[in-house]
1. Could you count how many residues in the stretch 122-139 are within 19 Å of residue 19 (Cβ to Cβ) and in contact with a helix residue (DSSP H, G or I) (Cβ under 6 Å, 6 or more places away or on another chain)?
2. For residues that are basic (Lys, Arg) and either under 16 Å from the mean Cα position of the chain (by Cα) or open to solvent by less than 20 Å² (accessible area, probe 1.4 Å) (or both), tally how many sit in the stretch 1-40.
3. Are there any pairs with C-beta distances below 8 angstrom linking a residue in the stretch 44-73 that is in contact (Cβ under 8 Å) with a residue 12 or more places away in the chain to a residue that is of a type in the set (Phe, Trp, Tyr) and in a helix (DSSP H, G or I), with the two at least 6 apart or on different chains, and if so which?
4. Which condition breaks for residue 105 when tested against (1) in contact (Cβ under 8 Å) with a residue 24 or more places away in the chain; (2) within 20 Å of residue 139 (Cβ to Cβ)?
5. Residue by residue through the stretch 41-70, note down the ones that are of a type in the set (A, V, I, L, M, F, W, C) and either open to solvent by 90 Å² or more (accessible area, probe 1.4 Å) or touching a Cys at 6+ places or on another chain (Cβ under 8 Å) (or both).
Amino acid sequence: MAEEAARRAVAELPLLRTAAGPRDRNGWAPRLKEEYRALIQYVENNKRADNDWFRLESNAEGTRWFGRCWYIHELLKYEFAIEFDIPVTYPNTAPEIAIPELDGKTAKMYRGGKICLSDHFKPLWARNVPKFGLAHLMALGLGPWLAVEIPDLVAKGIIQHKEK
């Protein structure tokens with residue numbers, strides 16, 4: 001069910017065309033425009049489906065991204081700060097999303113609070129370079145990670161709702 005919903009969400013996202021990273025002075029601006037278009041489309045789609053779950057913004061160069069994400073579990077909203085940098089080898093290399101406040105609380109996380117996407121998401125990203133972008137990272141990377149990890153962390157008592 002969740003896999004089908006993710007497929008549907010991604011099918012509605014525009015695929016990116018520009019194969020440029022931050023080191024490509026001429027290609028980065030067009031790529032960044034495509035990234036913003038795809039992210040805006042994804043957020044609009046989510047809002048229409050009553051599935052709004054993140055806010056994201058970047059620095060002026062589009063190389064550092066930060067924001068908030070949230071996950072509703074048992075009618076309680078768990079909200080976290082997120083951050084990531086665009087790798088110099090982008091789009092060949094996917095960014096690594098960090099949730100600093102969850103650092104060390106789950107085995108599916110690297111030092112610094114970077115979530116583990118290596119088994120499932122990174123091979124998918126590699127097969128879809130340069131078509132995938134940040135909206136795809138959120139839809140197929142962070143979203144599924146939150147859906148698996150947050151209920152598990154709550155069940156184990158590792159994280160608690162802020163009002164408890």
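The values are calculated or read from the model by the stated rules, or taken from the named source; none is laboratory data. This one's a predicted model, so the numbers in the text were calculated from it and none came from an experiment. All Cβ positions, even for glycine, are placed from backbone atoms using ideal geometry, and neighbour counts span all protein chains on display. These area figures cover heavy atoms from the full protein model, side chains too; ligands, DNA and RNA do not enter into them. Shrake-Rupley method; radii C 1.70, N 1.55, O 1.52, S 1.80 Å.
1. Initial filter on the stretch 122-139 (within 19 Å of residue 19 (Cβ to Cβ)): 122-137.
Narrowing the set further to residues that are in contact with a helix residue (DSSP H, G or I) (Cβ under 6 Å, 6 or more places away or on another chain) leaves 132-135.
Here the count works out to 4.
2. Number of matching residues: 3.
3. What qualifies is 62/28.
4. Only one criterion in (1) in contact (Cβ under 8 Å) with a residue 24 or more places away in the chain; (2) within 20 Å of residue 139 (Cβ to Cβ) is unmet by residue 105, namely (2).
5. Let us first name the residues in the stretch 41-70 that are of a type in the set (A, V, I, L, M, F, W, C), namely 43, 49, 53-54, 56, 60, 65-66, 69-70.
Across the stretch 41-70, the qualifying residues are 53, 54, 60.
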